[in-house]
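Peer 1: Just dropping this structure here.
The values are calculated or read from the model by the stated rules, or taken from the named source; none is laboratory data. Treat the numbers as computed from the prediction; the structure is a model and nothing was measured. Neighbour counts are summed over all protein chains in view; Cβ atoms, including those assigned to glycine, are modelled from backbone coordinates with ideal geometry. Please note that ligands, DNA and RNA were not included when accessible areas were found on the heavy atoms of the full protein model with its side chains. Shrake-Rupley method; radii C 1.70, N 1.55, O 1.52, S 1.80 Å.
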Amino acid sequence: MGMFNETIILENEFVLLRPLLEDDLQHLQHFIIEEPEIWKFSLVQMTAVENLKNYIEQAIENRKQGKEYPFIVFDKKKKEYAGCTRFYDIQLAYQYLQLGYTWYGKGFQGTYVNKNCKLLLLEFAFEKLGMERVEFRADNRNEKSKLAMQSIGFVVEGVLRNHLPKIEGGRRASIVLSILKEEWLGGVKQNLTNKINENDKFRL
């Protein structure tokens, strides 16, 4: 099972990412109660703490099955848990994975958190796992998420029409973005690092 059995911890001076655990429900459940709008574009229903409990349990089970690797995100500056993210659709044999299921509490959105998380995750994917491609997908209506990923260096590839069912009914179009290893090493990593180093006025 390789990486799926390892305790992967990614961190710098701003954030720490560690494997998501069932006990992390206590660190995240207040977001369900206080900030339900976080999941406006989510594919899963998040209207009760029980939903989040099931979400965490399923993510952990998918890790055991070698499908995904979920992380909880800790803001080291605020000393608070900020949200979650994960690698999924992990194809080690084909050197490809997707990065997603990312959400943060409102107090962490538009701060240094997302760019630092993406730097650590992309660095690990390309430079440790040897990935050749990292893909990101989002609801095509989610302008905030699309702009954030493009500011990091993801390239828009296209839109999958009527791709997935929406919780409220109907189907959503999904935008597909990606970064290739040659792009990461050829300038994307340095550009992202420069943005982080300048200051946290670069809001995502």
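Peer 1: Test residue 195 against the criterion of being open to solvent by 40 Å² or more (accessible area, probe 1.4 Å), out of contact with any Leu (no Cβ under 9 Å at 6 or more places or on another chain), modelled with pLDDT under 95 and closer than 28 Å to residue 19 by Cβ, and give yes or no.
Peer 2: Answer is yes for this residue.
Peer 1: If you take the residues of the stretch 93-103 that are among the aromatic types (Phe, Trp, Tyr) and in a strand (DSSP E or B), which of them is most open to solvent (accessible area, probe 1.4 Å)?
Peer 2: My answer is 101.
Peer 1: Going residue by residue through the stretch 139-147, is there one that turns out to be more than 14 Å from residue 42 (Cβ to Cβ), in contact (Cβ under 8 Å) with a residue 12 or more places away in the chain and surrounded by 13 or more Cβ atoms within 10 Å (Cβ to Cβ)?
Peer 2: Yes - at least one qualifying residue is present in the stretch 139-147.
Peer 1: For residue 173, all conditions in the list (1) in contact with a Lys or Arg (Cβ under 7 Å, 6 or more places away or on another chain); (2) at pLDDT 95 or above; (3) part of a loop (DSSP other than H, G, I, E, B); (4) open to solvent by 20 Å² or more (accessible area, probe 1.4 Å) hold save one; what is the number of the exception?
Peer 2: Unmet condition: (3).
Peer 1: Sticking with this one: When you scan the stretch 177-191, do you find a residue that is within 13 Å of residue 98 (Cβ to Cβ), assigned to a strand (DSSP E or B) and either touching a helix residue (DSSP H, G or I) at 6+ places or on another chain (Cβ under 7 Å) or among the β-branched types (Val, Ile, Thr) (or both), even just one?
Peer 2: yes
Peer 1: Tell me whether the stretch 104-111 contains one or more residues that are at pLDDT 95 or above and assigned to a strand (DSSP E or B).
Peer 2: Yes, because at least one residue in the stretch 104-111 is at pLDDT 95 or above and assigned to a strand (DSSP E or B).
Peer 1: On to the next question. If a residue has to be assigned to a strand (DSSP E or B) and either more than 28 Å from residue 110 (Cα to Cα) or open to solvent by less than 70 Å² (accessible area, probe 1.4 Å) (or both) to count, how many in the stretch 42-92 make the cut?
Peer 2: Residues meeting the conditions: 18.
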